[in-house]
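Novice: Just passing along the structure, written as structure tokens.
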Amino acid sequence: MKVIDAIVAQAPGIAAVRRDIHAHPELCFEEVRTADLVAQKLTEWGIPVHRGLGVTGLVGVVQGRDGGACGRAIGLRADMDALPVTETNTFAHASRHAGKMHACGHDGHTAMLLAAAQHLARHRDFDGTVYLIFQPAEEGGGGAREMMRDGLFERFPVEAVFGMHNWPGMPRGTMAVSPGPVMASSNEFKITIRGKGGHAAMPNTTIDPVPIACQMVQAFQTIISRNKRPLEAGVISVTMIHAGEATNVVPDHCELQGTVRTFTLELLDLIEARMRQVAEHLCAAHEATCDFEFERNYPPTINAPAEAAFARQVMVDILGAAQVLDQEPTMGAEDFSFMLQARPGAYCFIANGDGDHRSLGHGGGPCTLHNPSYDFNDELIPLGGTFWVQLATQWLAAPKA
């Protein structure tokens, strides 16, 4: 493993910052303290900071030895927000705010980019500009989209943009990247079936929405099994059904909610259209009506082939080919997808190990994402920081496509 010695030397200080952030988690668009801490560190290292993008987001600007005169630029992105989870860990840097926790490692993502920022600012052995994008509100708030609405890529024009996520379960000391879809679109639906309530002993006088809802749940799965191509990946999950208030009363309405995940917008279009048709026609067949709501949250995260190949080669240079894996697509979602719709780039993965980095003070349960006993592995900081530095400097040194 060819990590940069200077980043290894500074890693304990960066780890202390990471643990400070972990102890003080902030939810989406509330990352004021976190952004203040990041801005303070960047300023200490002589990096100009631009704040207020996407409410609490910020961008640090590191210019190379040419002062950025060549006009080339690359963007590196880390997310900063925590989750509404109650932490069960008991170590010293556990969350001090009940109901809030860094259960996805965004504290570590911020730390790895800070490690790279410190090194880039001290050495500046490149031509061009590196934009350090510290993004709020990945966990459901669409912070990437909001930063872009505030002019992210107009104010800080980049040729390409890259992001990285830690991945529990992958062997420590490995990384992964693949071209094409790596994370799914995230979408929500809410369907309210409206019938006619009445006495449960006289169902013939009612239009019962409950059996309609049961048929609808089953019918939705035929969209997956019979409407989409078998080789395409798609998920329809009805996760909530609400109806009724008494055992002897047929309710007048029933509400279904759930999620849809796809790797392509074309399949998403098909699923949304078919779900609407199934819901409306099934209700009509039973003399009921429905309100159909479908909200598209995050698009699929799709890596550009050239940028993914470039990132993979940087990983190989650092780790060796055997330690660089293909990233199997996951049905989880990620709002870095918005940035990849606007600029070419790639979303990369760094192994968080199997959880044995945690002290005996961790809570019960596996060290998986969105788990109350999760903790980021600080041993990743030198590798993650090295990867960011090498990716940026090699990208800016390569011939422009």
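Novice: Which residues in the range 168-193 have a backbone N closer than 17 Å to a point placed 7 Å from the Cα of Gln313 along the Cα-to-Cβ line?
Specialist: 177-179
Novice: Separate question: Taking the Cα centre of the chain as the origin, how large is its charge dipole in debye, to the nearest 20, when only Lys and Arg (+1) and Asp and Glu (-1) carry charge on their Cβ atoms?
Specialist: It works out to roughly 620 debye.
Novice: Name the aspartates and glutamates eligible as straight-distance cross-link partners of Lys190: C-alpha to C-alpha under 16 Å, and not fewer than 8 places from it in the same chain.
Specialist: Counting by Cα, and skipping residues close in sequence, Lys190 has these aspartates and glutamates nearby: Glu255, Glu272, Glu280, Asp291, Glu293, Glu295.
Novice: Something else: Report, in deg cm²/dmol and to the nearest 500, the calculated mean residue ellipticity at 222 nm for the chain, where each DSSP H run with n ≥ 4 adds -39500 (n - 2.57) and the sum is divided by the residue count.
Specialist: Computed ellipticity for the chain at 222 nm equals -11000 deg cm²/dmol.
Novice: Put a dot 7 Å past each Cα toward the Cβ at Ala201 and Gln323; how far apart are the dots in nm?
Specialist: 7.5 nm
Novice: Further question on the same structure: Tally Lys/Arg at +1 and Asp/Glu at -1 over every other residue whose Cβ is under 12 Å from the Cβ of Val32; what's the total?
Specialist: Here the charged neighbours net out to -3.
Novice: Treating only the Cβ atoms of Lys and Arg (+1) and Asp and Glu (-1) as charged, compute the dipole magnitude of the range 186-298 about its Cα centre; round to the nearest 20 debye.
Specialist: 340 debye
Novice: Also: Sort Leu360, Leu113, Leu282 so the one with the fewest other Cβ atoms within 10 Å of its own Cβ comes first.
Specialist: Listing Leu360, Leu113, Leu282 from fewest to most nearby Cβ atoms yields Leu360, Leu282, Leu113.
Novice: Kindly write out, for the range 383-388 in residue order, the coupling ³J(HN,Hα) from the Karplus curve 6.51 cos²θ - 1.76 cosθ + 1.60 (θ = phi - 60°), rounded to whole Hz, with x marking Gly and Pro.
Specialist: For the range 383-388, the Karplus-derived couplings read 5, x, x, 4, 4, 4 Hz, x marking Gly and Pro.
Novice: Let me ask something else about it. Defining a contact as two alpha carbons under 8 Å apart and six or more residues distant in sequence, what relative contact order in percent does the range 186-298 show?
Specialist: 44 percent
Novice: Roughly what angle does helix 5-23 make with the longest principal axis of the chain, taking Cα atoms, 0 to 90 degrees, to the nearest 10?
Specialist: 40 degrees
Novice: Still on this structure: If each residue's Cβ is checked for other Cβ atoms within 10 Å, how do Glu139, Glu245 rank with the fewest at the top?
Specialist: Glu245, Glu139
Novice: List the aspartates and glutamates whose alpha-carbon lies under 13 Å from that of Lys100, not counting same-chain residues fewer than 8 positions away?
Specialist: Glu26, Glu30, Glu31, Asp81, Glu87, Glu139
Novice: Moving on. Excluding Gly197 itself, what net charge comes from residues whose Cβ is under 9 Å from its Cβ, given Lys and Arg +1 and Asp and Glu -1?
Specialist: That sum, taken over residues with Cβ under 9 Å, equals -1.
Novice: Output the antiparallel fraction of DSSP beta bridges having both residues in the chain, as a percent to the nearest 5.
Specialist: 65 percent
Novice: Which ordering of Cys28, Cys367 is given by a fewest-first count of other beta-carbon atoms within 10 Å?
Specialist: Cys367, Cys28
Novice: Related question: Put +1 on the Cβ of every Lys and Arg and -1 on every Asp and Glu Cβ in the chain; which of Leu268, Ala308, Ala82 then has its Cα farthest towards the positive end of the dipole?
Specialist: Ala308
Novice: Relative to the present Cα-Cα distance, how much length would full extension add between Thr90 and Val249 at 0.36 nm per residue of separation?
Specialist: Gain on stretching Thr90 to Val249: 52.4 nm.
Novice: Between Pro48, Pro372, Pro179, which gets the highest mean-square fluctuation from a Gaussian network model of the chain, Cα cutoff 10 Å?
Specialist: Pro48
Each value in this text was obtained by applying a stated rule to the coordinates, not by laboratory testing. Keep in mind the model is a prediction, meaning the values are calculated, not measured. Counting neighbours? That spans all protein chains shown, and the Cβs are built from the backbone with ideal geometry, glycine included.
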